[in-house]
Amino acid sequence: MQKKIIEHFINITKLPHCSENAEALFDYLVNFAKEQGYEVQSDESKNILIKKGSPKLALQAHYDMVCMGKAPNIETYVEDGWMYAKKSSLGADNGMAIAMMMTLMEQGKELEFVLTSDEEIGLIGATAISLELTSSYMLNIDFEDEGVVCIGCAGGADLLAEQRLYTSEAYEYNYELTVSGLAGGHSGVEIHKNIPNAIKVLAEYLSDKEVLVASCHGGERRNSIPTAMTMKLSSTKPLIGNDLIQVRELNEPLEVYESDEFLNLLVKFKHGVNSYNEEFDLPDTSINLALVSVENGVAKIECSSRAMSEEGLEEINENYFKLFEKYNFSTAIEYKYPSWKPEVNAFTSLINDAMIKEYGESKYEAIHAGLECGVLLERYPNMKFASIGPTIVSPHSIHEKVKLDSVGKIFRVVEEVMAKL
């Protein structure tokens, strides 16, 4: 069955489905489900409900992906049992789950399939879902570590800050500075790995230098650790690059701005883990300095905060709003979503038994990332939730890869859960 799942996944990679631009995959999935004899509904947010019979179980995944590198032009290849994409994100998050569902549809299984939109940019589809479900249980297939039953996740929010800069007269030396090619990674599950952040790299390089910023752009996505940053600036002294920073002298005149507050804020910004959760052995609160820009005299900063509790999320958001305000930035918040409080119950125990049958062992975990379970639990409070998935490494980056034999194993776990229910 694994071969069929992989075939479906490769077909999915050929259809553009970046967040906010997944119409091609939406149409493909709707038509595919109808061809298999399923009822299909969708709502205004482009969430899809696919259903047959009177099922007890709903399988859930999102159908958008984080497009990095050359994506959505994805060229897959396999090496040592892992699938990769050439110079792009792969979209195994969450395309492999969609491929599993398509395989189950071909088998005519009586299930509800819930496919949500724009998960990767703030769980937007799940937050606005207006589909009526009848199942008692929902199994999310967006976890990224096989042999584990996920029973909780972080909540999060996107924090925005903005400041109007004042024009100034340029200094003697004009440069373009570039940081590029850093590893990047997932701003939740990899935030504790101390992956270099391109924005921080450049800000810290400039921390002891007298410069005026003309323009800059750093980062790729709010939920990705930044891999690149480019800045044009004017300096009182000659600048010399290093292993991470390329320096190119400019002969062109620059319109520059007083930017001490902007640069000092970037230096003081504590990117990464802010506190640790000993109970679940994972970050408790964290923040990703995700995107910065200076264009036409306006400095903008976008970051994503995460916490394993509502109280933790409120605290970290408040702390960073105070930091922004200290440096005279106006602030706003977008796409706030709730955490999912860990719970072991009869449903999670059933899944745990299925994991033990497949792997010989199993464990419960929570995850420092936003799964849609917390949002959907608010919409469907009488349902029981859990999350599982194949092993996926470095999602949201060009280094994303999926362990192929884990796909077949997790599919067998899903089949066992279906049989028990």
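The values are calculated or read from the model by the stated rules, or taken from the named source; none is laboratory data. Because the structure is predicted, anything quoted here is derived from the model rather than measured. As a convention, Cβ positions derive from the backbone with ideal geometry for all residues, glycine included, and neighbour counts pool all protein chains shown.
Results, tabulated for the structure shown:
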| quantity | calculated |
| --- | --- |
| Selection count where residues are free of Cβ contacts under 8 Å to residues at least 12 places away in the same chain and either assigned to a strand (DSSP E or B) or at positive phi (or both), scope region 50-108 | 3 |
| Considering residues of region 109-128 that are assigned to a loop (DSSP other than H, G, I, E, B) and surrounded by 23 or more Cβ atoms within 10 Å (Cβ to Cβ) only, the residue farthest from the chain's Cα centre (by Cα) | Leu111 |
| Candidates Thr227, Thr178 - the one that is among the polar types (S, T, N, Q), part of a loop (DSSP other than H, G, I, E, B), surrounded by 13 or more Cβ atoms within 10 Å (Cβ to Cβ) and outside the structural domain of Ser88 (by TED's automatic domain parsing) | Thr227 |
| Subset of region 231-260 that is out of contact with any helix residue (DSSP H, G or I) (no Cβ under 9 Å at 6 or more places or on another chain) and under 24 Å from Asn288 (Cα atoms) - its residue that is surrounded by the fewest Cβ atoms within 10 Å (Cβ to Cβ) | Asp243 |
| Every residue from region 253-268 that is assigned to a helix (DSSP H, G or I) and either touching a residue at least 12 places away in the same chain (Cβ under 8 Å) or of a type in the set (A, V, I, L, M) (or both) | Glu261, Phe262, Leu263, Asn264, Leu265, Leu266, Val267, Lys268 |
| Hits in region 272-289 (condition: closer than 15 Å to Glu302 by Cα and either surrounded by fewer than 22 Cβ atoms within 10 Å (Cβ to Cβ) or assigned by TED's automatic domain parsing to the domain that holds Glu365 (or both)) | Gly272 |
| The listed residue being on the phi > 0 side of the Ramachandran plot and assigned by TED's automatic domain parsing to the domain that holds Ala99, out of Glu39, Glu35, Glu20 | Glu20 |
| Of residues in region 29-49 being without any contact (Cβ under 8 Å) to a residue 40 or more places away in the chain and outside any strand (DSSP E or B), the one surrounded by the most Cβ atoms within 10 Å (Cβ to Cβ) | Val30 |
| Residue in region 330-350 that is surrounded by fewer than 20 Cβ atoms within 10 Å (Cβ to Cβ), touching a Lys or Arg at 6+ places or on another chain (Cβ under 7 Å) and either farther than 23 Å from Arg221 by Cβ or not small (Gly, Ala, Ser) (or both) present | yes |
